[in-house]
1. Please give the FRET efficiency for Ala185 paired with Glu105, using the beta carbon to beta carbon distance and R0 = 51 Å, rounded to the nearest 0.05.
2. Take each of the peptides 82-88, 71-77, average the number of other beta-carbon atoms within 10 Å over its residues, and list them starting from the highest.
3. Could you give the radius of gyration (one decimal) and Dmax (whole number) of the Cα atoms in segment 170-261, in Å?
4. 5 Å is the cut-off here: which amide hydrogens, built 1.01 Å from N in the peptide plane, fall below it relative to Leu226, excluding neighbours closer than 5 in sequence?
5. Mind checking the full-extension length gain between Ala207 and Arg112? Use 0.36 nm per residue of separation minus the Cα-Cα distance, one decimal, nm.
6. What is the local net charge at Ala146, summed over the other residues whose Cβ is closer than 14 Å to its Cβ (Lys, Arg +1; Asp, Glu -1)?
7. Taking the mean number of other Cβ atoms within 10 Å as a proxy for protection, how do you rank 164-172, 223-231 from highest to lowest?
8. Can you run phi through the Karplus equation (6.51, -1.76, 1.60; θ = phi - 60°) for segment 233-238 and list ³J(HN,Hα) in whole Hz, with x for Gly and Pro?
Amino acid sequence: MAAQACTPWAHCAQALLCTRSACPFLVFPNRALDGASDEISRTRHALFVAKDVLLELRRGKESILSATYRLSFTAGSSHVAVSRQLAAHYLNQFDWNATYAACVEENWLQSRTANSSRRIASELIARLKELSRLELTILKDGPSEAAQLILWLAICRHYALIADFTAEVVRERFLVGDSTPLTLADFDLFYERKSALHPELSKVSPATRGKIRQKTFQFLQEAALLDSHRRVVPLMVPADLLARIPTSELAYLTVFVRGGV
């Protein structure tokens with residue numbers, strides 16, 4: 001008997017069922033709940049998880065339940081200048097191994113130890129591998145604002161946690177015109193929701209979780225999406241550059257786009 005095609009709604013239901021063992025608070029017991037507030041809280045949490053599943057499906061993530069977030073961005077920062085240097089070297093030789101070796105041997109990162117240089121260089125190159133040759137050329141030769149934007153797209157492509165926080169929290173606040181600063185609690189609520197679908201988030205230590213939060217805000221500020229007070233900042237993106245950005249990635253930017261994206 002041929003297997004039936006799995007619809008997004010089936011994925012959604014499966015995700016909620018599969019979180020039962022890890023997150024029993026998402027499944028309603030047969031017995032009466034202790035109070036109406038508990039029921040409301042559990043219902044809201046389950047709906048948020050269902051919404052997250054559908055958001056990930058909409059963005060084309062094929063394996064929601066097995067996909068894991070990369071959390072290695074806790075080391076370093078955007079490193080715009082060095083990233084431009086890496087892009088230039090690669091576009092001259094088209095050899096990432098040679099680019100990595102040059103970065104480490106010549107200590108482009110000005111690291112105190114070789115281990116630190118190797119670790120950060122590997123992370124930066126992994127981000128740049130997310131870019132096309134045209135995007136790498138813009139990163140290398142474009143004005144600083146364009147280079148910063150291209151690098152931000154590379155970061156969002158490589159680190160889905162940062163991309164999801166930007167699309168679901170930062171951009172939503174921008175679209176409704178909320179000028180109040182983002183708080184640590186805003187990130188913590190987002191993190192708790194995502195933990196239901198991504199158990200790797202629950203396994204990190206409190207110190208690492210704090211580092212993840214700190215670095216997420218730092219990346220957003222370095223990309224000029226947040227100011228120093230964590231208020232959302234509208235981006236000024238040239239029309240020709242905006243036209244080159246895939247529609248699915250416009251959610252990572254604080255810009256108004258015709259068509260309601």
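Each reported figure results from applying straightforward, stated rules to the coordinates on display, with no laboratory input. Only a predicted model underlies this, so the values are computations on that prediction, with no experimental measurement involved. Cβ sites come from the backbone with ideal geometry, for glycine too, and all protein chains shown count toward neighbours.
1. Computed FRET efficiency for Ala185 and Glu105 comes out at 0.70.
2. Top of the packing list down: 82-88, 71-77.
3. Computed over the Cα atoms of segment 170-261, radius of gyration and Dmax are 14.9, 43 Å.
4. Amide H neighbours of Leu226: Gln221, Val233.
5. Residue separation times 0.36 nm, minus the Cα-Cα distance, leaves 31.9 nm.
6. -1
7. Result, highest mean Cβ count within 10 Å first: 164-172, 223-231.
8. Coupling constants for segment 233-238: 10, x, 8, 9, 10, x Hz.
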